[in-house]
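Shown next, in structure tokens, is the structure this report addresses.
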2 protein chains.
Amino acid sequence: MRLSELGELGLLRELERRGLVDRIADDAAVVGGLVVTQDALVEDVHFRLDWTSWRDLGYKAAAVNLSDLAASGAEPLGLVVSLGLRAETKAGDVIELYEGLNEPGVPVVGGDTTTAGSPLLSVTALGRSDRVPGRGGARPGDVLVVTGPLGASAAGFLSLENGLGSPLESAHRRPPLRLVEGRELARHAHAMLDLSDGLAADVGHLAERSGVRCVVDLDAVPVAPGVEEVANRLGRDAVEMACGFGEDYELLAALPEPAAHAVVGRCEVGSGVDLLRGGAPFALSGWEHFRAGRV
Amino acid sequence: MRLSELGELGLLRELERRGLVDRIADDAAVVGGLVVTQDALVEDVHFRLDWTSWRDLGYKAAAVNLSDLAASGAEPLGLVVSLGLRAETKAGDVIELYEGLNEPGVPVVGGDTTTAGSPLLSVTALGRSDRVPGRGGARPGDVLVVTGPLGASAAGFLSLENGLGSPLESAHRRPPLRLVEGRELARHAHAMLDLSDGLAADVGHLAERSGVRCVVDLDAVPVAPGVEEVANRLGRDAVEMACGFGEDYELLAALPEPAAHAVVGRCEVGSGVDLLRGGAPFALSGWEHFRAGRV
């Protein structure tokens, strides 16, 4: 079977079933008391150098890993960066990339630099957390909250793709850092993850790991300012952009009681996900590697 | 300036000078009490899928990172693996890759899986060490030792390249694990690193970081059995293959006194490297990314 048929999640399930990897689908692993997270960014899959500056690319590579630490309630300690570059790359571009990597204020403490035919970055973030909620602890009765409005990254991406010049393009290049919110939520959350694949997909990961049914009221999802305008210009649906695209890097948490964040749904006994719009079921999927190509 | 002119080491020096990265040229970083090392393997730079099985590729990706832990005197705790794969990759191949990654017995505890136009692996190894010798502590009067014979990987690579069918091809695919030796040496070594770029280059890294002059007697370097034969068949020099190619993944240590390992040289007051053959200076360089292309 090819990965295109099995999909990323099918592959991870098969590797776990065989005991070849432990909890690879989680945001972060805990090793020797540290929280460890790793993400690879590959040209033409995760970024296009004609759409992003080297500095923004570095920032985003750091931010998406720090987002996994945020979802683990962790205080970041350092980044380890592996970089694959063409030999004809300008040294000034690499310096800008490292300036972007350093911008969130977490030191780059090591890594590897290598030749590659196509640029790639692999970033490992290390941190310390008093309590990692994980994805598997949500219980029936929990409310589901998100830490901020969604859809800005999707709108920015579609603006870039269609040459609209929306100010949200910068939201696609520079995701938010939710480290403070993550540490605060981690004290009480039964489960938490960051929204990298889109709320529709990510809430499914939480439901599956926790063994609960997640009911999400799409009408309650906060949509970022400006998303509606991009949606209108492209004849698309703002809620689908906010919940079906991903790369928002806000946090989704299951809490025993409401908090100072937007409540978008609740957990119930059962399995799977109900997305409701105007009270009626609504079909929407998120992002999964190998099944389709983004960018 | 392009990376092809600046070279990997020039780039790292420039990034350090600007405070954008700390000690990236070291084998491993120490973060929150853990030793962390990361290496990226890129198709057609570090491996060719027509030369290696998926299982051997997984083994080598784990081994080269565990080699950095060995050079840090660390006990390994876990591996984090990021994998970029084409959507048409067979799931069975990926399972074999993970079987190889698991073979050294260190659990794979997390990571990331993503689509990529060209396969790549980024492995982070985490471990705990009572004492990390580092590269910068060698002192005049130290002896330089290596933990095993060199050149088998070079001979295996050249055999693959020239279709010689040498049994050393497996040495190129499956580097040794020197974790036990590394922990033992770390108790006394003033400096230690693993031989990934070739003794000629790696001893230079040790000399530069330590501020000493390294004098290496190439006649004292143990050459692996079978290397001479491959060298003869190709009209090449076995000592150059053993000291100028890399990927041996034996350890090089600077010790205050001789140990149960082969002594290949000594540290003196000064800077730079003297390679001696038959008592006379001998010119030989090792591997540096961006300056040339291997494979």
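Throughout, read-outs are computed from the coordinates displayed, never taken from laboratory work. Just so it is clear, the structure is predicted and the values come from calculations on it, not from any experiment. Positions of Cβ are backbone-derived with ideal geometry, glycine not excepted, and every protein chain shown enters the neighbour counts.
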**OP:** For chain B, return all DSSP H helices satisfying: extent of Cα atoms along own axis at least 18 Å; mean Kyte-Doolittle hydropathy at least -0.5.
**Re:** B:3-17, B:54-71
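Around A:Glu250, what is the net charge, scoring Lys/Arg as +1 and Asp/Glu as -1 over all other residues with Cβ under 9 Å from its Cβ?
My count for the surroundings of A:Glu250 gives -2.
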Original post:
Which residue, B:Val215, B:Val180, B:Val264, has the most motion in a Gaussian network model of chain B that connects Cα atoms within less than 10 Å?
Top reply: B:Val180
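Rounded to the nearest 0.05, what FRET efficiency do A:Ala220 and B:Lys90 give with R0 = 45 Å and r taken as the Cβ-Cβ distance? Could you check?
Efficiency at R0 = 45 Å is approximately 0.55.
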Original post:
Taking the Cα centre of segment A:3-149 as the origin and placing charges on Cβ (Lys, Arg +1; Asp, Glu -1), which of A:Ser53, A:Val80, A:Val143 is farthest toward the positive end of the dipole?
Top reply: A:Val143
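R0 = 41 Å: FRET efficiency of B:Asp237 with B:Glu257, Cβ-based, nearest 0.05?
Using R0 = 41 Å, I get an efficiency of 0.80.
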Subject >> Euclidean distance of C-alpha centroids, segment A:64-91 and segment B:20-63, integer Å >> reply: 15
Subject >> Net charge dipole size for chain B [Lys, Arg +1 and Asp, Glu -1 on Cβ; Debye, nearest 20] >> reply: 440
**OP:** Give, in nm to one decimal, the length gained when the segment between A:Ala280 and A:His188 is fully stretched (0.36 nm per residue of separation minus the Cα-Cα distance).
**Re:** 30.0 nm
Subject >> Linear extension gain, B:Ser271 paired with B:Arg13, 0.36 nm per residue minus alpha-carbon span >> reply: 91.2 nm
Original post:
Using alpha carbon centroids, what distance separates segment A:148-221 and segment B:142-193, in Å?
Top reply: 47
**OP:** Would you kindly derive the ³J(HN,Hα) couplings of segment A:33-39 from the backbone phi angles with the Karplus curve 6.51 cos²θ - 1.76 cosθ + 1.60 (θ = phi - 60°), listing them in order in whole Hz, with x for Gly and Pro?
**Re:** x, 10, 8, 10, 9, 9, 9
Original post:
Hey, what do the phi angles of segment A:76-83 turn into as Karplus ³J(HN,Hα) couplings, whole Hz, using 6.51/-1.76/1.60 and θ = phi - 60°, x for Gly and Pro?
Top reply: x, 10, x, 10, 10, 10, 9, 10
**OP:** May I ask you to report, in nm to one decimal and beginning with the shortest, the distances from A:Glu257 to the same position in the other copies, taking label points 7 Å along Cα-to-Cβ?
**Re:** 6.7
Subject >> Amide H contacts under 5 Å for A:Arg128, placed H, 5+ residues apart >> reply: A:Val35, A:Glu75, A:Leu77
Original post:
Given a cut-off of under 8 Å on Cα pairs at least six residues apart, what relative contact order in percent is computed for chain A?
Top reply: 24
Original post:
Charges only on Cβ, +1 for Lys and Arg, -1 for Asp and Glu: so what's the dipole of segment B:148-246 about the Cα centre, in debye to the nearest 20?
Top reply: 320
Subject >> Whichever lysines have a C-alpha closer than 30 Å to that of A:Lys90, once near sequence neighbours (fewer than 8 apart) are set aside >> reply: A:Lys60
**OP:** Arrange A:Leu85, B:Leu199 by Cβ neighbour counts within 10 Å, fewest through most, would you?
**Re:** A:Leu85, B:Leu199
**OP:** Write down the radius of gyration of segment A:1-139 and its Dmax, each obtained from C-alpha positions, in Å.
**Re:** 16.4, 53
